[in-house]
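Enquirer: Below you'll find the structure I mean.
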Amino acid sequence: MMKQYDYLIVGAGLFGAVFAHQMTTLGKRCCVVDRRPHIAGNVYTEAIEGIDVHCYGAHIFHTSDREVWDFLGQFCSWIPFINSPIANYHGELYNLPFNMNTFYQMWGVTTPEAAMAKIETQRNGISQPSNLEEQAISLVGTDIYEKLIRGYTEKQWGRSCRDLPAFIIRRLPVRFRFDNNYFNDPYQGIPTEGYTRICEKLLEGTDVILNTDYLLCRRELNPLADRVLYTGCIDEFFGYCYGALEYRSLRFETEVLDLPNYQGVAAMNFTDTQTPYTRIIEHKHFTFGTQEKTVITREYPSPWKKGMEPYYPVADEKNLALYRRYAALSESSGVLFGGRLAEYKYYDMDKVVRSAMNLARKEAAE
Ligand code: FAD
Ligand code: UDP
């Protein structure tokens, strides 16, 4: 008997929504199920006091992938926002990412040559960094490591910088120009009507079931479709049969303030160890808002336990080895897996869109 759907897609986040769109366009029938009460996963935004609030942390879209940029551009217009966060270390303010402005503020140096010479004296002769601490010191020296990296990173990840993979700090540019752009990508912006609107448009023509945990209703849901795409945690899918992968979680505390401008920037990072949160986001500054009030969110890192939202995979060697065992299991499961949680990758949005487009292309070719 013909099934009701070609694809049952678990997760209404960016991965699920892009895949659903691509397959619907090809005439496939899709149903998306999510356990949250809303679509869009972690890119979900909601209006408070007329301000688009990023409910799961600041989301700035940036990419070097022209096809991904043009693809999303069909579903939104972009506000040309350049992310330039400020680091706050015990009340001292520094520009991020690490660039000539930061070096001037830290040391008073005014030329690239002088900045490089200063860093050279603090590199501790590290040539092959084997962890985040060594990587950071070899890139920017000990002063910046101590004031802008160590405290933030240890709060964010809940462990010493010596026990973290070096790649995490390489996400941030180091530049010997006066340039506070946090990203190197040529395309960057915030969708004018928010990310949720993009997902709504991507999901046109797809049936959506919310407040439903697929893993609790597999028996009822599986018979509805020929194929399942799963975008949740891969270890949870397999009942943690090899043990749990590690994640970091977050707690968001959002406040409406009766003033027009609280911190003068969209994102301020608190890089000391004492302040319990890592960042304060002032949402209106993402869209150059002129509302009378403002909305801020404090972001508190937290250990992850089963039942909490797993925001970040902790992609060290131990966890990657465990992930590879689950990935091997997934290959013979008959189910498709994709996205930040199912691929256990520290993916930005553009990489998720790219990965979903690739999977849809592969499916279409079969
Ligand atoms: P998700 O958005 O996590 O979607 C997965 C969905 O699956 C969720 O809605 C979940 O409820 C659902 N689900 C899981 N299990 C089940 C189940 N059993 N049954 C039903 N539903 C289930 N990227 C950028 O490019 N720029 C940024 O500035 C940026 N900032 C970020 C800030 C923070 C704090 C975080 C956490 C991430 C940030 N990202 C950023 C990354 C971005 O959020 C992700 O790349 C993207 O949202 C991942 O999409 P996804 O569909 O893979 O996963
Ligand atoms: N980081 C830091 N100080 C900062 C900002 C970032 O040390 O002020 C480090 C920290 O280890 C963080 C990593 O750089 O986890 C990557 O930062 P990014 O802003 O990309 O993190 P995300 O937005 O994904 O949480």
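Enquirer: Which residues in the range 51-65 place their backbone N less than 11 Å from a point set 7 Å from the Cα of ASP185 along the Cα-to-Cβ direction?
Expert: 60-65
Enquirer: Could you run the Karplus curve 6.51 cos²θ - 1.76 cosθ + 1.60 with θ = phi - 60° over the range 144-154 and give me ³J(HN,Hα) per residue in whole Hz, x for Gly and Pro?
Expert: Once θ is set to phi - 60°, the couplings for the range 144-154 become 5, 4, 5, 8, 10, 10, 4, x, 4, 5, 5 Hz.
Enquirer: Pull up all non-local amide H partners of VAL53: gap of 5 or more, or a different chain, and H-to-H distance under 5 Å with H placed in the peptide plane.
Expert: Here the answer is GLU46, ALA47, ILE48, since their amide H atoms fall under 5 Å of that of VAL53.
Enquirer: Turning to a different aspect of this structure: Using the Karplus equation 6.51 cos²θ - 1.76 cosθ + 1.60 (θ = phi - 60°), what ³J(HN,Hα) coupling, rounded to whole Hz, does each residue of the range 105-111 give in order, writing x for Gly and Pro?
Expert: Along the range 105-111, the couplings run 5, 6, 10, x, 6, 10, 10 Hz.
Enquirer: How far apart, in nm, are two points set 7 Å out from the Cα along the Cα-to-Cβ line at ALA364 and at ASP207?
Expert: Going by the 7 Å Cα→Cβ label model, 2.4 nm.
Enquirer: Run the simple label-point estimate for ASP226 and ILE126 please: 7 Å along Cα→C-beta, distance reported in nm.
Expert: Taking the simple label geometry, ASP226 and ILE126 are separated by 5.2 nm.
Enquirer: Sorted by packing (mean other beta-carbon atoms within 10 Å per residue), highest first, where do 182-188, 29-35 land?
Expert: Put in order of decreasing packing, that is 29-35, 182-188.
Enquirer: Once you place label points 7 Å from the Cα toward the Cβ at ILE86 and GLU67, how far apart are they in nm?
Expert: In this crude spin-label approximation the distance works out to 4.1 nm.
Enquirer: Also, quick follow-up: Whose amide H sits under 5 Å from the amide H of TYR230, counting only residues 5 or more places off or on another chain, with H placed in the peptide plane?
Expert: Counting only residues 5 or more places away or on other chains, the set is VAL10, LEU336, PHE337, GLY338.
Enquirer: Next question, about the same structure. Going by average Cβ density within 10 Å per residue, which order do the peptides 41-50, 251-260 take, highest to lowest?
Expert: Most protected by this proxy first, the peptides run 41-50, 251-260.
Enquirer: For the range 199-268, state the semi-axes of the equivalent ellipsoid (square roots of 5 times the eigenvalues of the alpha-carbon gyration tensor), sorted largest first and rounded to whole angstrom.
Expert: 36, 21, 11
Enquirer: Okay, next question. Let me have the relative contact order for the range 256-306, percent, based on Cα pairs under 8 Å that are six or more residues apart.
Expert: So the answer I get is 41 percent.
Enquirer: Check GLU92: other-chain or 5+ apart residues with amide H under 5 Å from its amide H, H built from backbone geometry?
Expert: Excluding prolines and chain starts, which carry no amide H, there are no hits.
Enquirer: Sticking with this one: If I stretch the segment between PHE176 and GLN274 completely, what's the gain in nm (0.36 nm per residue apart, minus their alpha carbon distance), one decimal?
Expert: Gain on stretching PHE176 to GLN274: 32.3 nm.
Enquirer: Sorted by average packing, counted as other Cβ atoms within 10 angstrom per residue and highest first, what order do 299-309, 261-271 take?
Expert: My ranking of the peptides, most packed first, is 261-271, 299-309.
Enquirer: Quick one: Karplus J couplings for the range 259-271, per residue in order, coefficients 6.51, -1.76, 1.60, θ = phi - 60°, nearest Hz, x for Gly and Pro?
Expert: Each residue of the range 259-271 in turn: 8, x, 8, 8, 10, x, 7, 5, 10, 10, 9, 9, 9 Hz.
Enquirer: I would also like to ask the following. Report the gain in length on full extension from GLN4 to ARG324: 0.36 nm times residue separation, minus Cα-Cα distance, nm rounded to one decimal.
Expert: Going from the current span to full extension adds 111.9 nm.
Enquirer: Roughly speaking, what is the stretch gain from GLU253 to SER333, that is 0.36 nm per residue apart minus the C-alpha to C-alpha distance, in nm to one decimal?
Expert: 24.9 nm
The numbers here are math on the coordinates, done by the rules we state, and not lab data. Predicted model, so just to flag it, every value in this text is computed and none were measured. We place every Cβ from the backbone using ideal geometry, glycine too, and count neighbours over all the protein chains shown.
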